Amino acid sequence: MIRTRNLELTYADQPRAALEGIDLELRTGEVLGVVGSMGAGKTSLCMTLAGLAPRSTGGTSGGDLDVGGIDPRSAPMSDVAQRVSLVFEDYASQLTQITVLSEVMAPLINRGTPVSDARQRARRLLEDLGLGHLDLERKRTWELSGGQQQRVAIAAALAGDPQLLMLDNVTGLLDPTGKEEIRQLVGELSARMTLVVVEDDVDLLVGVADQVLVLQDGIAKAHGSAATLLRDVDLLADAQVEPPTVVQIARAADLRSEPLTTDELAAATRPIPEPPAPAAGRSQPVPDLAAPPRDWAVEVRDVDYRYRDGTAAVQDVSLQVEPGRVHAVVGGNGAGKSTLMRLLCGLLRPSTGEVLVGGRSTSEHSPAELATAVGTALQNPDEQITERTVREEVAYPLRQRRLRRRGWFRREVVLSDEQIDEAVERARLLAGIPDEQLDADPTHLSRGCRKLVAIAGALALEPAVLVLDEPRVSLDAPGRATLRNLLHQLRDRGTAVVMVEHDLDLVAETADSVTLLERGRVVAGGSPREVFGADGAEALARTSLLPPRAAQVASHLGVEAFSVAELAAQLDSIHQEA
């Protein structure tokens with residue numbers, strides 16, 4: 001299905017090749033997993049295979065390329081579209097229709113499918129992707145959560161019945177159940193089409209990918225059997241890719257074997273007879289409103305929010321966060337998490353109830369006024385980035401407040417250029433942005449890098465509260481390490497952090513408290529151990545969430561642990577005894 005020889009791609013405004021010397025062979029029905037760090041060339045490869053680069057992006061491409069018997073770089077796009085579908089990481093850029101149903105019907109109608117047949121097939125595809133409960137004919141695409149929009153984009157891509165389907169990091173905003181559904185879908189689709197799956201969450205490739213391509217700086221660092229390459233910790237680490245969870249556990253526990261799956265890990269260990277008592281952590285239960293008065297950084301009091309179509313996105317939600325604490329909001333797609341985040345930063349105002357941030361009511365202050373107290377990094381960084389360089393983007397909120405009005409005709413400087421430069425430097429160091437990227441155009445950076453730029457911009461004013469909506473999405477292994485370090489530093493500085501996050505392993509490692517939402521309501525709250533452990537199992541089971549992966553592996557082994565390090569320590573003790 002795919003054959004490349006010495007494939008190269010160089011964008012017009014870039015001195016270095018985005019792809020160089022790529023050799024691939026992929027047979028019909030095979031699944032190729034593509035992994036690499038931010039900026040490694042993963043999206044560029046997909047764009048080239050889909051005929052979009054350099055045709056739409058500009059630049060030059062060399063080498064041989066054959067996809068289903070054509071060279072997509074030069075063949076008519078109508079021929080390419082009959083063979084290839086690509087779901088972008090930036091899912092929102094693909095949604096062009098008003099309603100959910102019309103979005104999936106469009107590619108069918110464009111191919112001449114009768115409207116009635118197109119409607120029936122579109123409904124079936126949407127149901128297969130877990131969206132059948134929506135009012136498909138009236139629900140607007142922009143009213144969906146990010147994860148729901150991703151599912152719609154995948155359904156629209158499948159509607160064209162392509163020979164080659166490419167998924168470019170499409171699971172980032174999906175809840176754990178949604179991720180597993182896509183993983184199973186990839187296995188089912190391989191019976192009738194070829195797939196290229198770019199994935200930052202390498203666990204999703206285990207047992208699904210036939211081959212793996214490891215990219216680094218546009219070059220194929222390794223290409224071969226998935227079962228072999230996904231076990232190679234040193235290879236993946238060198239390419240800045242986080243290994244699968246079981247592989248991390250085995251390496252941390254210093255096991256002699258190299259298990260890749262949970263069953264292989266179980267075979268390499270023996271059960272722990274008496275699980276040790278849970279280690280005391282810094283996590284504390286979420287306080288309730290009956291607790292003694294405290295200086296909360298964030299207070300949400302009995303908040304409801306309804307959209308214009310009557311959808312109740314948030315219902316009777318209450319939570320509090322102290323300064324210097326990390327609070328995670330978790331739940332399935334459509335649970336109301338992003339709506340709650342927008343309420344916290346004043347982009348939305350509660351229908352009933354009250355939201356206080358740093359003592360300020362979000363209903364009585366504009367988002368610009370609140371920005372001095374609460375910094376916000378949205379789910380999609382492109383909704384925030386407006387400036388031409390990273391330096392200007394991070395400095396933007398500071399320059400907006402550089403002058404203060406003193407009377408009708410006089411303004412005074414309250415922030416000097418030196419102070420702004422110093423604040424930009426502090427923010428970019430916290431967000432892990434390299435100095436050499438400061439003068440780069442942020443729109444030319446990878447999505448993960450743009451995510452870090454948006455976080456740095458949110459930190460520039462040194463807010464008392466930082467709101468992060470899905471911060472881990474699109475980050476490579478160093479980026480995730482930077483995020484963990486950032487959360488620890490903010491805690492030490494007394495900054496309150498509220499984050500929405502589907503990566504429950506990250507939540508278990510970094511959060512002090514958790515609120516679990518289901519259909520806009522709070523169904524559980526407490527420490528990560530309380531919400532994800534045995535005490536919270538019943539509430540968690542009602543949502544689309546699964547326990548952290550490390551906890552799932554531990555449960556399979558008959559022990560209790562909530563992080564890779566915690567489980568590895570238990571296995572290592574058994575290994576030492578043996």
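The values are calculated or read from the model by the stated rules, or taken from the named source; none is laboratory data. The structure presented is a predicted model; accordingly, all values stated were derived computationally and were not measured. Because the Cβ atoms are built from the backbone with ideal geometry, glycine has one as well, and the counts that use them run over all protein chains shown.
Any chance region 542-551 includes a residue that's charged (D, E, K, R), within 21 Å of the chain's Cα centre (by Cα) and modelled with pLDDT under 95?
yes
Give the number of residues within region 329-343 that are under 10 Å from Asp469 (Cβ atoms), over 17 Å from the mean Cα position of the chain (by Cα) and surrounded by 24 or more Cβ atoms within 10 Å (Cβ to Cβ).
1
Quick one: which of Asp13, Asp66, Asp90, Asp23 is over 30 Å from the mean Cα position of the chain (by Cα) and surrounded by fewer than 21 Cβ atoms within 10 Å (Cβ to Cβ)?
Asp66
Please give the number of the condition Leu189 fails out of (1) within 25 Å of Asp79 (Cβ to Cβ); (2) at pLDDT 90 or above; (3) of a type outside the set (Ser, Thr, Tyr).
Every condition holds for Leu189 apart from (2).
Confirm whether Asp217 is over 19 Å from Gly448 (Cα atoms), surrounded by fewer than 19 Cβ atoms within 10 Å (Cβ to Cβ), in contact (Cβ under 8 Å) with a residue 40 or more places away in the chain and among the charged types (D, E, K, R).
The answer is no for Asp217.
Is it true that some residue in region 525-545 is assigned by TED's automatic domain parsing to the domain that holds Ala481 and part of a strand (DSSP E or B)?
Yes - at least one qualifying residue is present in region 525-545.
Give all pairs with beta carbons closer than 6 Å in which a residue from region 523-552 that is β-branched (Val, Ile, Thr) meets a residue that is modelled with pLDDT under 85; count only pairs at least 6 apart in sequence or on separate chains.
Pairs that qualify, where the first residue is β-branched (Val, Ile, Thr) and the partner is modelled with pLDDT under 85: there are none.
Quick one: which of Leu86, Leu52 is under 23 Å from Val152 (Cβ atoms), of a type outside the set (Phe, Trp, Tyr) and assigned to a strand (DSSP E or B)?
Leu86
Just the residues that are in contact (Cβ under 8 Å) with a residue 60 or more places away in the chain and among the charged types (D, E, K, R), please, taken from region 366-392.
Hit for region 366-392 is Asp382, nothing else.
How many residues are in contact with a helix residue (DSSP H, G or I) (Cβ under 8 Å, 6 or more places away or on another chain) and surrounded by 15 or more Cβ atoms within 10 Å (Cβ to Cβ) if we restrict to region 93-114?
14
Please list, ordered by first then second residue, the pairs with beta carbon atoms under 6 Å, 6 or more apart or interchain, first in region 87-107 and without any contact (Cβ under 8 Å) to a residue 40 or more places away in the chain, second surrounded by 21 or more Cβ atoms within 10 Å (Cβ to Cβ).
Leu101/Ala122; Leu101/Leu136
Name the one entry in Leu504, Leu475, Leu468, Leu452 that is farther than 30 Å from Gln400 by Cβ, crowded, with 24+ Cβ neighbours inside 10 Å and either touching a residue at least 24 places away in the same chain (Cβ under 8 Å) or charged (D, E, K, R) (or both).
Just one listed residue meets the conditions, Leu504.
At least 3 residues that are over 21 Å from Lys337 (Cβ atoms), at pLDDT below 95 and not polar (S, T, N, Q) in each: list the strands (runs of 3 or more DSSP E) lying fully within region 405-516 that qualify.
411-413
In this structure, is Gly36 small (Gly, Ala, Ser), modelled with pLDDT of 95 or more and under 14 Å from Val197 (Cβ atoms)?
yes
Just checking, which of Asp23, Asp66, Asp13 is acidic (Asp, Glu) and part of a loop (DSSP other than H, G, I, E, B)?
Asp13
Do we have Arg27 as touching a strand residue (DSSP E or B) at 6+ places or on another chain (Cβ under 7 Å), of a type in the set (D, E, K, R) and farther than 26 Å from Leu445 by Cα here?
Spelling it out, it is not the case that Arg27 is touching a strand residue (DSSP E or B) at 6+ places or on another chain (Cβ under 7 Å), of a type in the set (D, E, K, R) and farther than 26 Å from Leu445 by Cα.
Scan region 129-156 for residues that are within 30 Å of Gly69 (Cα to Cα), under 20 Å from the mean Cα position of the chain (by Cα) and of a type outside the set (Lys, Arg) and jot them down.
To start, the set of residues in region 129-156 that are within 30 Å of Gly69 (Cα to Cα) comprises 150-156.
Subsequent filtering for residues that are under 20 Å from the mean Cα position of the chain (by Cα) retains 150-155.
Scanning region 129-156 gives Gln150, Val152, Ala153, Ile154, Ala155.
Quick grid of which residues meet (1) of a type in the set (A, V, I, L, M, F, W, C); (2) over 30 Å from Leu173 (Cα atoms):
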{"position": "Ile2", "(1), (2)": "yes, no"}
{"position": "Glu8", "(1), (2)": "no, yes"}
{"position": "Ile22", "(1), (2)": "yes, no"}
{"position": "Arg27", "(1), (2)": "no, no"}
{"position": "Asp64", "(1), (2)": "no, yes"}
{"position": "Gln94", "(1), (2)": "no, no"}
{"position": "Glu103", "(1), (2)": "no, no"}
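Across region 492-501, which residue is surrounded by the most Cβ atoms within 10 Å (Cβ to Cβ) among those that are out of contact with any Pro (no Cβ under 9 Å at 6 or more places or on another chain) and among the β-branched types (Val, Ile, Thr)?
Val498
If a residue has to be buried (at least 21 other Cβ atoms within 10 Å of the Cβ) and at positive phi to count, how many in region 507-549 make the cut?
1
How many residues does region 344-357 contain that are surrounded by 18 or more Cβ atoms within 10 Å (Cβ to Cβ) and assigned to a loop (DSSP other than H, G, I, E, B)?
Number of matching residues: 4.
What tally of residues in region 165-204 results from selecting those that are assigned to a loop (DSSP other than H, G, I, E, B), within 18 Å of the chain's Cα centre (by Cα) and among the small types (Gly, Ala, Ser)?
Keep residues of region 165-204 that are assigned to a loop (DSSP other than H, G, I, E, B), which gives 169-175, 190-193, 199-201.
Subset that is within 18 Å of the chain's Cα centre (by Cα): 169-175, 199-201.
Subsequent filtering for residues that are among the small types (Gly, Ala, Ser) retains 172.
Qualifying residue count, region 165-204: 1.
Tell me which of these Pro107 doesn't satisfy, since it passes every other one: (1) assigned to a helix (DSSP H, G or I); (2) closer than 30 Å to Leu348 by Cα; (3) not small (Gly, Ala, Ser).
(2)
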